[in-house]
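Trainee: Dropping the structure in here first, questions after.
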Amino acid sequence: MSTDAIVLLKEDHKEMRRLFKAFQDAEEGPASQRQKLVDQILEALTVHTYLENEVMYPEVRRLLPDLEDDILESYEEHHVADVLCAELAAMDAGDERFNAKTTVLIENVTHHVEEEEQEWFPKVRDALGRKQLQEIGEKMIALRADAPRTPTAPKAIKKALDAVTA
Ligand SMILES: [Fe+2]
Ligand SMILES: [Fe+2]
């Protein structure tokens with residue numbers, strides 16, 4: 001298994017895309033199925049955002065100051081996603097706004113993930129050595145077990161706030 005930070009984050013992105021597609025396919029389906037998929041989406045996003053906020057973003061910012069603007073924009077995009085995730089966590093699939101809010105979350109995160117994968121991850125790959133990317137990846141693997149799993153977990157809320165006030 002690779003410990004390369006970018007490989008690990010892209011694996012998470014792939015899983016998110018799979019869940020997004022599953023939700024889109026189930027959009028007209030039973031509430032229980034939509035609820036289950038959104039619960040999985042919220043968990044995947046909460047863990048992933050936490051690892052990026054705690055490890056990847058600060059490391060890239062420290063090592064590659066030229067990418068600071070990309071990192072700052074990414075923190076803001078995480079913040080928007082965090083707000084939508086917290087609102088969705090407080091709703092249930094029977095709510096008339098449930099599908100609409102999930103769709104906006106999916107659109108926002110899809111845009112954000114494309115920017116990471118196409119705009120600044122390649123610059124990080126070019127600038128950092130394989131060993132540095134593996135060290136960052138190993139830190140994310142170590143932290144994963146302690147990551148919050150729901151948007152309303154205290155750690156998730158604290159990180160969401162720290163990301164915009166740091
Ligand atoms: Fe991100
Ligand atoms: Fe990401």
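The values are calculated or read from the model by the stated rules, or taken from the named source; none is laboratory data. Not measured: the values here are computed from a predicted model. When we count neighbours, we look across all protein chains shown, and the Cβ atoms used for this are built from the backbone with ideal geometry, even at glycine. In case anyone asks, the SASA skips ligands and DNA or RNA and just uses the protein heavy atoms, side chains included. Shrake-Rupley method; radii C 1.70, N 1.55, O 1.52, S 1.80 Å.
Trainee: Tell me, what HN-Hα J-couplings in whole Hz come from the Karplus equation 6.51 cos²θ - 1.76 cosθ + 1.60 at θ = phi - 60° for each residue of segment 126-135, using x for Gly and Pro?
Mentor: 3J(HN,Hα) across segment 126-135, in whole Hz: 5, 8, 9, x, 4, 5, 5, 5, 5, 5.
Trainee: Roughly how many nanometres apart are two label points built 7 Å out from the Cα toward the Cβ at Arg61 and Gln35?
Mentor: The modelled label-to-label distance comes out at 3.8 nm.
Trainee: If R0 is 25 Å, what FRET efficiency do you get for Glu73 and Ala153 from their C-beta distance, rounded to 0.05? Mind showing how you got there, number by number?
Mentor: On the way: r = 25 Å, r/R0 = 1.01.
That gives a FRET efficiency of 0.50.
Trainee: Over the chain, with every protein chain in place, what whole percent of the accessible area is carbon and sulfur at 1.4 Å, could you tell me?
Mentor: Details: 4570 of 8850 Å².
Carbon plus sulfur share of accessible area: 52 percent.
Trainee: Placing unit charges on C-beta atoms (Lys and Arg positive, Asp and Glu negative, everything else neutral), compute the dipole magnitude of the chain about its Cα centre in debye, rounded to 20.
Mentor: On the way: 21 positive and 35 negative charges, 126 e Å.
Taking the Cα centre of the chain as origin, the dipole is about 600 debye.
Trainee: Another question, if that's okay. Considering the Cα positions of the chain, please state its Rg to one decimal place and its Dmax as a whole number of Å.
Mentor: That works out to 15.9, 49 Å for Rg and Dmax.
Trainee: Here's something else I'd like to know. How large is ³J(HN,Hα), in whole Hz, for each residue of segment 149-158 in order, when computed from phi with the Karplus curve 6.51 cos²θ - 1.76 cosθ + 1.60 and θ = phi - 60°, using x for Gly and Pro?
Mentor: 10, 10, x, 9, 5, x, 4, 5, 5, 4
Trainee: Hey, if you put +1 on the Cβ of every Lys and Arg and -1 on every Asp and Glu Cβ in segment 5-164, which of Val104, Ala145, Gln35 ends up farthest toward the positive end of that dipole?
Mentor: Final value for the positive-end residue is Ala145.
Trainee: Residue by residue through segment 53-61, which ³J(HN,Hα) values in whole Hz follow from phi under the Karplus form 6.51 cos²θ - 1.76 cosθ + 1.60 (θ = phi - 60°), with glycine and proline marked x?
Mentor: After applying 6.51 cos²θ - 1.76 cosθ + 1.60, I find 5, 8, 10, 4, 5, x, 5, 5, 4 Hz.
Trainee: Around Leu128, which amide H atoms from residues at least 5 apart in sequence, or from another chain, sit under 5 Å from its own amide H, with H modelled in the peptide plane?
Mentor: Counting only residues 5 or more places away or on other chains, the set is empty.
Trainee: Are any of the pairs Lys14/Lys36; Lys21/Lys131; Lys36/Lys131 more than 28 Å apart by Cα-Cα distance, and if so, which? Don't skip to the answer; put the middle values down first.
Mentor: On the way: Lys14/Lys36 19 Å; Lys21/Lys131 34 Å; Lys36/Lys131 38 Å.
Violating the 28 Å limit, Cα to Cα: Lys21/Lys131; Lys36/Lys131.
Trainee: With every protein chain present, what is the per residue accessible area of segment 21-130 (1.4 Å probe, Å²)?
Mentor: Per residue, segment 21-130 has 51 Å² of solvent-accessible surface.
Trainee: So what is the relative contact order for the chain, in percent, with contacts set as C-alpha pairs under 8 Å and at least six apart? Display every interim value, and only then the final one.
Mentor: Values: 144 pairs, mean separation 68.1, N = 166.
Normalised by residue count, the contact order of the chain is 41 percent.
Trainee: Can you tell me the FRET efficiency between Asp95 and Asp25 if r is taken as the Cβ-Cβ distance and R0 is 22 Å, rounded to the nearest 0.05? Display every interim value, and only then the final one.
Mentor: On the way: r = 20 Å, r/R0 = 0.91.
Efficiency for this residue pair is about 0.65.
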